[in-house]
Amino acid sequence: MPTATDDLGSIFADAGAFTDPDGWHAAAQRIRAEAPILRVTEPGIPDFWAITKHADVMEVERNADVFTNAPVTVVGQPVPADASEEPPVKTLIQMDGDEHKANRGIVNDWFKPGNVKQMQERVDELAKHYVDQMEALGGRCDFVNDVALHFPLQVILSLLGLPEEDFGRMLQLTQELFGAEDPDIARMAEDESQISVLLDFVSYFTSLTADRRAHPTADLASVIANAEIGGEPLSDMQTLGHYLIIATAGHDTTSNAIGGGLVGLLQQPEQLERLRANPELIDHAADEIIRWVSPVKHFMRTCREPFSLRDVTFEPGDLLYLSYASANRDDELFADPMHLDVTRENAASHIGFGFGRHFCLGAHLARMEVRAIYRELLGRLDHIELDGEPTWIRAAFVQGPKSVPVAYRFR
Ligand code: HEM
């Protein structure tokens, strides 16, 4: 007879379950307590093990040769029948071993703290621009659609060195790729939509590569276009993989952190007041916001050799679902985990950026963005409150609020 916990396993793959964050977290809390490594069997998708505890997610990530990123990275993706089958465009997330090392090496230095610091001025300028825009809207706006969605994308475009007139197109493409499970966002709720979105990316970035090879500049696009592996230039599909991961991973993730963080602060006004009275607290609180929101809900891994964790032995071919969202609310590590606490001492121990070889390349930049926008906003606001119920994106991978109506007064 199935237990209640077995039934709860549907929360991991069901995009709709994420539209009720409190309900989702209540279910995940029970799973952590009753069956922290849960076998999930859902109709129409391959079975998987849900890994829900912080320590266990770390342990799986620490053993990257046993648990590979290829060939299944997100839940529900079919397992390819032919193991040698490769996707047409591969990003860092789909790579393992030496291939991952060589490709990560191309962009790694660019994202190091010393280099990212050079972005500070531009990031602050963009934060000010979007807060100015919010002020100009006159006291009411949708924080997601008017602010949170645009700011991180502008940062990414600046980083890559793309012109501002391409902003709208990039916004649409990244939203459609990552939010494709949400019918309000996707072009069509079918697989072909993903292909047509990808084709748009292909034609855009192929001409970008040609341009930066002919006229190299100091931007990140030039680093990618002119990179070599083993003395050979990258193919169009390889350069595309790099642009694709930076344009997509750098956008919705950070937008969701910023928008979701505001929901948390507005639902716990005493935390908002603390930050407003003391805006420099945001340097620390950025990690707490990322812990609490966990914009990347999961990644998948495939087991390559028998490996035991708790009372389970994974076998080759088993799929593991690393639930960052659950691990970040694990009360074994975080006291009172459902509470967003801007002074939480161990906030930086969250696993919202993953861990190990695939640790988020953009983590320093993402923190810089969260800090910049909140510092600007909270330093200038006299009052802000929810002006209606927030709604949440229907997606099981990268997810956060779809709309956060707010009413506010600037000083
Ligand atoms: C709050 C915002 C962000 C969150 C929550 C986030 C989260 C993550 C997570 C969970 C991973 C996988 C880590 C793992 O498997 O252990 C990842 C990988 C990655 N992220 Fe982020 N990310 C954010 C922002 C960014 C930004 C701003 C960029 C780039 C500009 C970026 C670029 C990447 C890249 C390139 C990878 C792949 C790294 C690899 O596979 O080696 N991310 N991110």
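The values are calculated or read from the model by the stated rules, or taken from the named source; none is laboratory data. Bear in mind the structure is a predicted one, so any value in this text is a computation, not a measurement. Positions of Cβ are generated from backbone atoms using ideal geometry, with glycine treated the same way; all protein chains shown enter the neighbour counts. Only protein heavy atoms, including side chains, enter the accessible area calculation; ligands, DNA and RNA are left aside. Shrake-Rupley method; radii C 1.70, N 1.55, O 1.52, S 1.80 Å.
Kindly work out what percent of the DSSP beta bridges joining two residues of the chain are antiparallel, to the nearest 5.
90 percent
Among all the lysines, which ones have a C-alpha under 26 Å from K117's C-alpha, if same-chain residues fewer than 8 places away are not counted?
K101, K128
Could you check which residue among K53, K297, K101 shows the biggest mean-square fluctuation in a GNM of the chain with a 10 Å Cα cutoff?
K101
What accessible area, in Å² to the nearest ten, does a 1.4 Å probe give for F48?
0 Å²
Considering Cα pairs under 8 angstrom that are at least six residues apart, work out the relative contact order of the chain and quote it in whole percent.
Rounded, it is 26 percent for the chain.
Of all the accessible heavy-atom surface of the range 275-411, with the other protein chains kept in place and a 1.4 Å probe, what percent is carbon and sulfur?
48 percent
Could you sort the peptides 281-290, 353-362, 222-231 by per-residue average Cβ neighbour count (10 Å cutoff), highest mean leading?
Working: 281-290: 22.9, 353-362: 17.9, 222-231: 15.4.
Going by the mean number of other Cβ atoms within 10 Å, highest first, we get 281-290, 353-362, 222-231.
In the P(r) worked out for the range 256-381, what percent of Cα pairs fall beyond 23 Å?
Details: 2924 of 7875 pairs.
So the portion of pairs separated by more than 23 Å is 37 percent.
Take peptides 381-389, 120-128, 146-154 and line them up by average Cβ neighbours within 10 Å, highest first, as a rough protection proxy. If you can, show how the numbers build up before the last one.
On the way: 381-389: 14.2, 120-128: 16.4, 146-154: 22.6.
So the order, starting with the most tightly packed, is 146-154, 120-128, 381-389.
Over the range 51-110, with every protein chain in place, what whole percent of the accessible area is carbon and sulfur at 1.4 Å, could you tell me?
After summing per-atom areas, the C and S share lands at 53 percent.
Quote the charge dipole size of the range 4-82 about the Cα centre in Debye, to the nearest 20; the model charges only the Cβ of Lys and Arg (+1) and of Asp and Glu (-1).
In debye, rounded to 20, the range 4-82 gives about 180.
Sum -39500 (n - 2.57) across every DSSP H segment of at least 4 residues in the chain, then divide by the residue count to get the 222 nm mean residue ellipticity, nearest 500.
-14000 deg cm²/dmol
Counting heavy atoms of the protein chains only and a 1.4 Å probe, report the per residue accessible area for the chain as a whole number of Å².
42 Å²
Skipping prolines and chain starts, which residues have an amide H placed within reach, meaning under 5 Å, of the one on A50, given they are 5 or more residues away or on another chain?
Under 5 Å from the amide H of A50: L38, R39, V40, Y321.
How large is the dipole of the range 54-131 about the Cα centre if only Lys and Arg carry +1 and Asp and Glu carry -1, each at its Cβ, rounded to the nearest 20 debye? Please list the in-between numbers first.
Values: 8 positive and 14 negative charges, 92 e Å.
Rounded to the nearest 20 debye, it is 440 debye.
Would you kindly calculate the translational diffusion coefficient of the chain, applying Stokes-Einstein with the Kirkwood radius from alpha carbon pairs, for 37 °C and a viscosity of 0.692 mPa s, and quote it in µm² s⁻¹ without decimals? Walk me through the intermediate numbers first.
Values: Rh = 21.9 Å.
Taking Rh from Cα pairs, D becomes 150 µm²/s.
For a test of the definition: using alpha carbon positions, the gyration tensor, and the 1.5 limit on a/c, classify the range 361-411 as rounded, prolate or oblate. Before the final figure, lay out each step's value.
Working: a/c = 5.75, a/b = 1.13, b/c = 5.08.
Taking the square roots of the gyration eigenvalues as a ≥ b ≥ c, the range 361-411 is oblate.
Could you give the length gained on full extension between S203 and N226, defined as 0.36 nm per residue of separation minus the Cα-Cα distance, in nm?
6.5 nm
Would you mind pulling out the separation of the Cα centroids of the range 313-372 and the range 24-86, in Å?
The distance from the Cα centre of the range 313-372 to that of the range 24-86 comes to 15 Å.
Considering only S84, A50, L159, whose Cα is most displaced toward the positive end of the charge dipole of the range 35-160, charges sitting on Cβ of Lys, Arg (+1) and Asp, Glu (-1)?
Value: L159.
Say the cut-off is 26 Å between C-alpha atoms; which of K297/K402; K90/K297; K112/K402 go over it?
Going by Cα-Cα distance, K112/K402 fall outside the 26 Å limit.
Answer with one residue from V60, M119, G250: the one whose Cα lies farthest towards the positive end of the charge dipole of the chain, charges on Cβ with Lys, Arg +1 and Asp, Glu -1.
So the residue we want is M119.
Of all the Cα-Cα pairs you can form in the range 65-106, what percent are over 15 Å apart?
Roughly 44 percent, once rounded to a whole number.
Sort 77-85, 18-26, 318-326 by packing, meaning the average of other beta carbons within 10 Å per residue, with the highest value first.
Ranking the peptides 77-85, 18-26, 318-326 by packing returns 318-326, 18-26, 77-85.
Provide M338, M368 ordered by accessible surface of protein heavy atoms (probe 1.4 Å), highest first.
Sorted by accessible area, descending: M338, M368.
What FRET efficiency comes out for the pair R169/S308, r = Cβ-Cβ distance, R0 = 56 Å, nearest 0.05?
The pair R169/S308 has a calculated efficiency of 0.70.
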